[in-house]
Amino acid sequence: MRTMKVEFYGHVRQYHNIKSEIDANIHTVLESGQYVMGPMLKKLECELAGYHGTKFAVGVGNGTDAIWLVLMALGIGPGDEVITHPNTFFATAEAIWIAGATAVFVDCDPKTKCIDPAKIEAAITPKTKAIIPVHLYGQCADMAAIRKIADKHHLKVIEDNAQGIGAAGKGFKIAELSDAATTSFIIQKNLGTFGDSGALVTNNADIDAKIRKLRNHGSNARNVHSYGFNSRLDDLHAGILSAKLKHIDEYNDQRRQWAARYTAGLKGCKTIDLPTELPGYRHVFHLYVVETKKPEWRDQLLGFLVKNNIDAKTHYSIAIHQQAGYPWGKGARIAGSLANAERNAATCISLPMFPELTAEEVDYVIAKVKEWDKEHAPASAAPKAKKAVPA
Ligand SMILES: *Cc1c(COP(=O)(O)O)cnc(C)c1O
């Protein structure tokens, strides 16, 4: 097999494939003279609400702002606790920190890596106000179970859906069982613009109205202001996103096909575990994350792939509760063992995953992972392995 370079992202390929549609929308915005809070943003918000089947969609500056703006709109802040899990992008907890609330970390499910609903109740105190499940790597958390707990304890639920646009659970859609679902449109997400922006979708008119003001200097009428910020989704990005949103289902289907090809190609490997899709769920594979069965293998396999020009990465090799930069003592609390999240941080490897991959590239990645696996598989399981297992 010839060597090749396999990138982690395909942003430019995607642009080239739908260049005329993106360029047309950019042209429309430039010619309109309306670049902030203009008609293209309105159009995108309508399309996002339509896509999710929600009453409202609000564009904001980025996916992190979307989370803390929802917390703020719900009146959650200092003195309140918000439950989430630590094996996610830092921003999930960062948003809780910005809102002034205390993050409470519970462990993830060992298989899906999403929050383990069975761990939530033990973490609830009289201060608990909300749960933020993350649809990690593109697979929905168990929202039905989370909704039940939230109802029993009168908690709000905010879905951090930065990684799962287009995903669905068994019998539920995004934003159907929560107060709001937030998302990020930074370029590397499944729906990404050439820069930063984010949004939230909700069926709650109060959240919609509050965030429309908060994002725009506390104003919804000229010269009239109350407490607020500047966190807007500008019209150029709205135009780019509107063009891409038309293709999101096709892009996610393509990701699912590459995931199926990885899984079929790698299923015999002895040194790694492969991602699981829950029955009845639609996983949109923002990331295709394998885990080495031994932590000491992670950097070896990652190094081998990188040496072979495969741009593999880790998501996320330092869990949030392991970050020295988090405000321990006042800004966060750990509830119970976080062993699954810690294991995930020590063993995860994300293989290249984007719609515009080619079969040749995916097969090259599979071949290289298998080559490493053959070398390192335990001798008893692979009698022909050339080397013994490292001690
Ligand atoms: C990307 C991401 C965010 C933050 O989005 P930004 O647009 O970068 O602020 C939040 N949560 C998760 C899970 C993410 O992956």
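The values are calculated or read from the model by the stated rules, or taken from the named source; none is laboratory data. Just so it is clear, the structure is predicted and the values come from calculations on it, not from any experiment. Positions of Cβ are generated from backbone atoms using ideal geometry, with glycine treated the same way; all protein chains shown enter the neighbour counts.
Considered as a group, the residues in region 125-142 that are hydroxyl-bearing (Ser, Thr, Tyr) and away from the ligand (no atom under 16 Å from the Cβ) include one that is nearest to PHE185 (Cα to Cα), and that residue is THR128.
Reported count of residues in region 20-40, each being of a type in the set (Val, Ile, Thr) and either at pLDDT below 95 or farther than 12 Å from ASP234 by Cα (or both), is 2.
Checked against the criterion of being more than 27 Å from ILE174 (Cα to Cα) and either in contact (Cβ under 8 Å) with a residue 40 or more places away in the chain or away from the ligand (no atom under 16 Å from the Cβ) (or both), the candidates ILE272, ILE349 yield just one match: ILE272. Do we find a residue being away from the ligand (no atom under 16 Å from the Cβ), farther than 19 Å from GLU277 by Cβ and of a type in the set (Lys, Arg) anywhere in region 105-124? Yes, region 105-124 contains a residue that is away from the ligand (no atom under 16 Å from the Cβ), farther than 19 Å from GLU277 by Cβ and of a type in the set (Lys, Arg). For region 187-203, filtering for residues that are near the ligand (Cβ under 9 Å from one of its atoms) and closer than 17 Å to GLU250 by Cα leaves 2. With the structure loaded, tell me whether LYS111 is assigned by TED's automatic domain parsing to the domain that holds ASN161 and either among the small types (Gly, Ala, Ser) or assigned to a helix (DSSP H, G or I) (or both) or whether it fails that test. Answer is no for this residue. Name the single residue that is nearest to PHE304 (Cα to Cα) among those in region 322-357 being in a loop (DSSP other than H, G, I, E, B) and among the hydrophobic types (A, V, I, L, M, F, W, C). Only one residue fits best here, namely MET353.
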